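First the structure, in the form of structure tokens, and then the observations on it.
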Amino acid sequence: MNPVVLITGAGKGIGRSLALEFAKRQHRAFSPKLFLVSRTLSDLESLKKACDEMSLETDICVADIAETTSVDKIYTDAIKRFGAIDCLVNNAGVGRFKDLLDLTEDDYHYTMNINLKGTFFLTQRIFKDMQARRSGHIFFITSVAAETPFEQSGLYCMSKFGQKGLVEVLRLYGRKCNVRITNVMPGAVYTPMWGEQNEVTQAKMMRPEDVATAMVDAFLQPTRTSVEELVLRPVAGDL
Ligand SMILES: NC(=O)c1ccc[n+]([C@@H]2O[C@H](COP(=O)([O-])OP(=O)(O)OC[C@H]3O[C@@H](n4cnc5c(N)ncnc54)[C@H](OP(=O)(O)O)[C@@H]3O)[C@@H](O)[C@H]2O)c1
């Protein structure tokens, strides 16, 4: 099996760990090819180097999923490079965490353009091919914030609840054409998204590789089986 896996937001955090987990799991019968997307070239270059050292075929694409032209470029470049996309990981996502009354119009557009608009149009573009080929797997890294409110996460929760809506509608389509849709809902994972945290807080959080391992396990299930939801929380619950 040589699936082509496109990961958005691959440069840091969970996306980066996922790319490295795919690389670690390769063996004679499983040799994934990765198409890695984010906005920062240096992150992608260092990740590609690490994947190259593990003999994994990878390509990188600097793009902002919030821009419609970038969505076209991601799709076109990935198809040109690898022919087809077997697995899409909608991981790129952002949050601006502050009191509900302090959130601005800029915060609104920034969050929604990435978490909702970019995710929607890239998914739409790639799902169309999967539907025609009657195979594929799409992961969404939403969050526990897709169904649990957090006070400092007004726009983030709004966008993640919205992503969950997309997941559930898309799954109705996926079930009719053999495309697996997995909603990954992690609680707190210590990544650059959280900035600096003291040791006590860090100790209460999961690590990106915990999420990545569960996702590759879900991907490697027989294609007759769809892991529809993965909920991962720190053992002591939400922060
Ligand atoms: N960490 C957590 O506790 C946690 C919990 C639940 C869910 N999640 C979700 O998991 C996903 C990954 O989170 P993370 O913690 O790994 O975040 P992170 O450490 O901030 O990494 C996010 C990655 O996405 C890229 N990215 C952001 N906006 C992008 C855009 N417009 N276009 C392309 N790439 C973009 C970032 O790189 P550039 O800035 O260079 O583009 C970075 O590589 C997010 O959707 C997040 O909401 C995280």
Once normalised by the length of segment 4-232, the mean sequence separation of its alpha carbon contacts under 8 Å that are 6 or more apart gives a contact order in percent of 21
The chain, dipole about Cα centre (Lys/Arg Cβ +1, Asp/Glu Cβ -1), debye to the nearest 20 = 1100
Order of 136-149, 195-208 by packing, highest average Cβ count within 10 Å first?
-> 136-149, 195-208
Amide H partners (placed H, <5 Å) of ASP59, local residues excluded = LEU34, PHE35, LEU36
Based on the Cα gyration tensor of segment 156-239, what are the three equivalent ellipsoid semi-axes, each the root of five times an eigenvalue, rounded to whole Å and given largest first?
-> 28, 16, 9
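Over segment 1-100, what per residue volume does the convex hull of the Cα atoms give, in whole Å³? Don't jump to the answer; show the numbers that get you there.
Details: hull volume 10.1 nm³, N = 100.
In segment 1-100, the Cα hull volume divided by residue count equals 101 Å³.
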Lys and Arg at +1, Asp and Glu at -1: neighbours of ILE181 with Cβ under 13 Å from its Cβ sum to +2
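Rounded to the nearest percent, how much of the accessible area of the chain (1.4 Å probe, protein heavy atoms only) is carbon and sulfur? Mind dumping the intermediate values first?
Numbers: 6070 of 11490 Å².
Carbon plus sulfur share of accessible area: 53 percent.
What order, most packed first, do the peptides 33-40, 227-234 have when packing is the mean number of other Cβ atoms within 10 Å of each residue?
Working: 33-40: 22.1, 227-234: 15.6.
Per-residue Cβ counts within 10 Å, averaged per peptide and sorted highest first, yield 33-40, 227-234.
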Kindly state, to the nearest 0.05, the FRET efficiency for PHE30 paired with LYS73, given R0 = 22 Å and r defined as their beta-carbon distance.
-> 0.15
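Starting from the Cα gyration tensor of the chain, take the square roots of the eigenvalues, sort them a ≥ b ≥ c, and report rounded, prolate or oblate (rounded when a/c is under 1.5, otherwise prolate if a/b is larger than b/c, else oblate). Spell out each step's value before the answer.
On the way: a/c = 1.42, a/b = 1.30, b/c = 1.09.
Here the chain falls in the rounded category.
Hydropathy first: keep DSSP H helices in the chain averaging at least -0.5 on Kyte-Doolittle, then drop any whose Cα extent along the axis falls short of 15 Å, and list what survives.
Values: long enough: 13-25 (18 Å, 0.04); 41-53 (18 Å, -0.59); 68-82 (21 Å, -0.38); 119-133 (21 Å, -0.29); 154-176 (34 Å, -0.08); 208-219 (17 Å, 0.48).
Span-like helices here: 13-25, 68-82, 119-133, 154-176, 208-219.
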Could you check the simple spin-label distance between LEU100 and VAL200, using points 7 Å along Cα→Cβ, in nm with one decimal?
-> 2.8
Just tell me which lysines come within less than 23 Å, Cα to Cα, of LYS176; anything on the same chain fewer than 8 places away is out.
-> LYS128, LYS164
For GLN202, what charge total do you get from the other residues with a beta carbon under 14 Å from its beta carbon, if Lys and Arg give +1 and Asp and Glu give -1?
-> -1
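Could you tell me what percent of the DSSP beta bridges with both partners in segment 4-232 are antiparallel, to the nearest 5?
On the way: 1 of 31 bridges.
Rounded to the nearest five, the antiparallel share is 5 percent.
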With every protein chain left in place, what is the accessible area per residue of segment 52-143 in square angstrom, probe 1.4 Å?
-> 48
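The values are calculated or read from the model by the stated rules, or taken from the named source; none is laboratory data. On a predicted model such as this, the values are computed, not experimentally measured, just so you know. Cβ coordinates were reconstructed from backbone atoms using ideal geometry, including for glycine residues, and neighbour counts include every protein chain displayed. Surface areas here come from the heavy atoms of the whole protein model, side chains and all, with no ligands, DNA or RNA. Shrake-Rupley method; radii C 1.70, N 1.55, O 1.52, S 1.80 Å.
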